[in-house]
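Below you'll find the structure, written out as C-alpha cells, and then a few comments.
The values are calculated or read from the model by the stated rules, or taken from the named source; none is laboratory data. Quantities reported herein were computed from a predicted structural model and do not represent experimental measurements. A quick note on method: Cβ atoms are made from the backbone with ideal geometry, for glycine too, and the neighbour counts reach across all protein chains shown. Note: accessible area is taken over every heavy atom of the protein model, side chains too, but ligands, DNA and RNA are not part of it. Shrake-Rupley method; radii C 1.70, N 1.55, O 1.52, S 1.80 Å.
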Amino acid sequence: MDTSRTCESSEVRIDHSLSEVERQHLARRTKTVLDCLDQHDISCSEHDMPNIAVLGSGGGLRAMVGLLGSLSQLKEEGLLDCIMYLSGVSGSTWCMASLYKELDWSTKLETVKENIVQRLADGSVSWLKRGLKLAKYHSEKDNFTLTDVFSALIVSHMVKEIDEHKVSEQRSNYTNEPYPIYTVIDKKCKHEGLNADPWFEITPDESGYSLTGAFVDSSCWGSEFENGKKIKDQPEMDMLYLQGLCGSAFGDIGQHLNLLYEALKYLITDKVGCAEESHTPQTQDVQNGYLMLLTLVELNLCVLRKEDPTVHLRTMKDLLKDKYDEAKNMTVHLEKLMTSEGKLPESELKDYTLSVCSSVTDMFKVWGVSDDFWFYILRSIEKTVKWIWGTTYNYLFAMEAQDVDLSIIYSEKRDYMDAGLLLNIPFFSVLRKERKIDLIISLDCNCLTPFKSVVRAAELCQDLNIPFPEVVAPPEGTELQDFYVFRGYGKAPTVVHIPLFNAVNCKGEILEWMKKYHTFRLDYSRSEITDLMEKAGVNIKNNKEKLLKVIGDIIEEKKVK
C-alpha cells in the first residue's frame, strides 16, 4: 500500500465550525434520518429532527463486541438509520475500524458482522507478520514509540488482523452511514488541566482538538508542521496504529508490561530459532548478544511476576564476562540490591535495562550485525522501559493562534493516548455545540462502574460551562436496570444510558458475566462472541419503544421551541 501519499490540504484550520465535508454529509444523512423516523410513524420537519449520537465506551474486546451487537440490533429494529453520529473510545473504536473499512456497511450489516465474528473467533496473525509490521513502523517513522510496539504485537493479535487501511480512506465509505468519530486524549493536556483541552477527535476528514477548534486534514496528522505549514511528510497512520492509539489502556501498567515483554520474548525466541534452522553462520559473540536480550526480557518478566530473578542475573553476568564493564558492574550492583525475598527496586531495574540495551546496541555495531530486527527489538525494549506512548509531530507548533493553549503551541511534539484514561465514554466529541446534538445514546461497557463516566461527564461539563443534563446515579445497592434517561433542558442534550450487563439481561448473574468478560481478555471463542452480542442486542430490543418515546418527546420539545 502506498504510504507516500501527500496531504490533500496541508493547511491547519483554526475554527470551531464543522468542516465542509462533515456539513455535506449531515445534509445527505438528514433525508435518511427523516425517512427512518417516518417508518416508525414519527413525523417531523428537518427543523425539528433530532440529531442523535451513539457513543461506544472503552472495555477492550468486550466493548468491541458489545458495540457490534448493539448496532446490529439497532439495524434489526429499524433504528440505525436515525443515528447521525457514531463515536467511540478505546475498544469501541476497534469495532468502528472493522465497520468503516467496508463500503456502506450498514446496508449489509449482517454479512459484515458475520465476517468480523469469524475473524475474531478463527483468525490469527503469526509472529512473523507481527514482527514485520513492527519493523515497518520502526523504519518508516520519525516518532517510534510504545504505541507502535503495542499495535503491532498486541492489538493485531486481539483484533486478529493487521489493518493497513488509512482513516482518510474511509471518506468514500461512510456516505450512507453515521458520521464516524474516533477519540483519544492529549496526554500533556490531561496533566495540564481541562482548560488546555485534552479531547482530541479523529475523523476520516480532519483531526484535532474538539473544544479548542484546531484541526488538520487527517491524511496530514503525524507529519511535521511549523507555523501551520507542513515541512516534512510522515506516512499517514494506518488503522492498526489508530486502534492501538485509541485502545492502549485496557489494562493496568503491570498487565501491559507483562504482555509486551512476553511478546518480545516470543519474537526473539522465534528469530533465534529461525536462524538456527537455516544454519545462518553467527559468531559466539553475536549469539551471546541475542541471549542477553532474551535474558533481559526474562529478568523483567520475572520481577513483574514477583519471582526470584537470581538465575537471570547470574546468566547475564556470564554473558557479560569480558564485555562492557559498566553493564557487568551494574549487574553485580543489582544483585546486591536484591532483598532476601528475591525482589529488586523498580527504578534500579529500569536503569539497568536501559544500560544493557545501550551496551548491546554498541556491541552489535562493533560486531557488524546488519539485521535491523535486533535494533528495533532494542528500541522496543527501551520504549517499554521509558513508557513513551503516542508521540506525534504537533501540527500547531509555532502557530499564531489566539484560542490555542500556549503549552500546545510551544511544543514540537505531543503525546496522544487512550481517552478512557480520562473519560471512558466519548461525550466531548459530540458536545461540540456546532454538532447540535439533541440525544446521546450512551452504550456503557464499563462493568464495575456503570455510571462513573456519565457522572464524571456531567461534572466536567459544569466546570467548562457546557450544557449537559443533571445526572443522578441510582443509590448503591439498587438493582441495575437496562435503560436510564437523563433529560436535557434548554441547550443540554438528553442522555439515554444503557449499561451492558444489568439485572434485566443477566437475571441475577451480573457478576458472573462481568468476570467472564473481564477487560484484559485477549480473545473470545465463537460462542462467547455470540453470547455477548446477544446480551448487548437484548438491551436495544427490550427498550425500542422507550427509545422511540424519548425521540418523540425531543421532537415535540423542539417544535414548542
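The residues listed here are GLU169, GLU164; of these, the one that is open to solvent by 20 Å² or more (accessible area, probe 1.4 Å), part of a loop (DSSP other than H, G, I, E, B) and either touching a Gly at 6+ places or on another chain (Cβ under 9 Å) or acidic (Asp, Glu) (or both) is GLU164. Number of residues in segment 25-58 that are of a type outside the set (A, V, I, L, M), open to solvent by 10 Å² or more (accessible area, probe 1.4 Å) and either without any contact (Cβ under 8 Å) to a residue 60 or more places away in the chain or within 24 Å of GLU201 (Cα to Cα) (or both) equals 11.
Tell me, which residue of segment 341-362 that is more than 31 Å from the chain's Cα centre (by Cα) and loosely packed, with under 14 Cβ neighbours inside 10 Å is nearest to CYS302 (Cα to Cα)? Among those residues, the one meeting the criterion is GLY342.
Results for (1) out of contact with any Pro (no Cβ under 9 Å at 6 or more places or on another chain); (2) more than 28 Å from PRO50 (Cβ to Cβ); (3) open to solvent by 90 Å² or more (accessible area, probe 1.4 Å), shown as yes or no for each residue.
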site: GLU509; (1), (2), (3): yes, yes, yes
site: HIS518; (1), (2), (3): yes, yes, no
site: ARG521; (1), (2), (3): yes, yes, no
site: THR530; (1), (2), (3): yes, yes, no
site: ASN539; (1), (2), (3): no, no, no
site: ASP553; (1), (2), (3): yes, no, no
site: GLU556; (1), (2), (3): yes, no, yes
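Of all residues in segment 288-301, those satisfying the criterion of being open to solvent by less than 10 Å² (accessible area, probe 1.4 Å) and either under 15 Å from GLY342 (Cα atoms) or without any contact (Cβ under 8 Å) to a residue 12 or more places away in the chain (or both) are LEU299, LEU301. None of ILE381, ILE409, ILE425 is farther than 30 Å from ALA27 by Cα and either small (Gly, Ala, Ser) or touching a residue at least 40 places away in the same chain (Cβ under 8 Å) (or both) except ILE381.
Each residue in segment 100-112 was checked for being part of a helix (DSSP H, G or I), in contact (Cβ under 8 Å) with a residue 60 or more places away in the chain and surrounded by 16 or more Cβ atoms within 10 Å (Cβ to Cβ), and 3 pass. Being among the aliphatic types (A, V, I, L, M), open to solvent by less than 40 Å² (accessible area, probe 1.4 Å) and assigned to a loop (DSSP other than H, G, I, E, B) is the filter here; which residues of segment 399-432 pass it? MET399, ALA401, VAL404, LEU423, ILE425, LEU431, listed by residue number. Does at least one position in segment 186-201 carry a residue that is at positive phi and over 14 Å from the mean Cα position of the chain (by Cα)? Checked against the condition, which is being at positive phi and over 14 Å from the mean Cα position of the chain (by Cα), segment 186-201 yields at least one hit.
Within segment 481-499, is there a residue that is in contact (Cβ under 8 Å) with a residue 12 or more places away in the chain, buried (at least 19 other Cβ atoms within 10 Å of the Cβ), small (Gly, Ala, Ser) and under 26 Å from LEU109 (Cα atoms)? No: zero hits. Annotation: ALA152 fulfils all but one of (1) under 16 Å from the mean Cα position of the chain (by Cα); (2) surrounded by fewer than 24 Cβ atoms within 10 Å (Cβ to Cβ); (3) assigned to a helix (DSSP H, G or I); the unmet one is (2). Considering every residue within segment 105-121, establish whether at least one is in contact with a Phe, Trp or Tyr (Cβ under 7 Å, 6 or more places away or on another chain) and among the polar types (S, T, N, Q). Within segment 105-121, not a single residue is in contact with a Phe, Trp or Tyr (Cβ under 7 Å, 6 or more places away or on another chain) and among the polar types (S, T, N, Q).
The set of residues from segment 302-322 being open to solvent by less than 50 Å² (accessible area, probe 1.4 Å) and not aliphatic (A, V, I, L, M) comprises CYS302, PRO309, THR310, HIS312.
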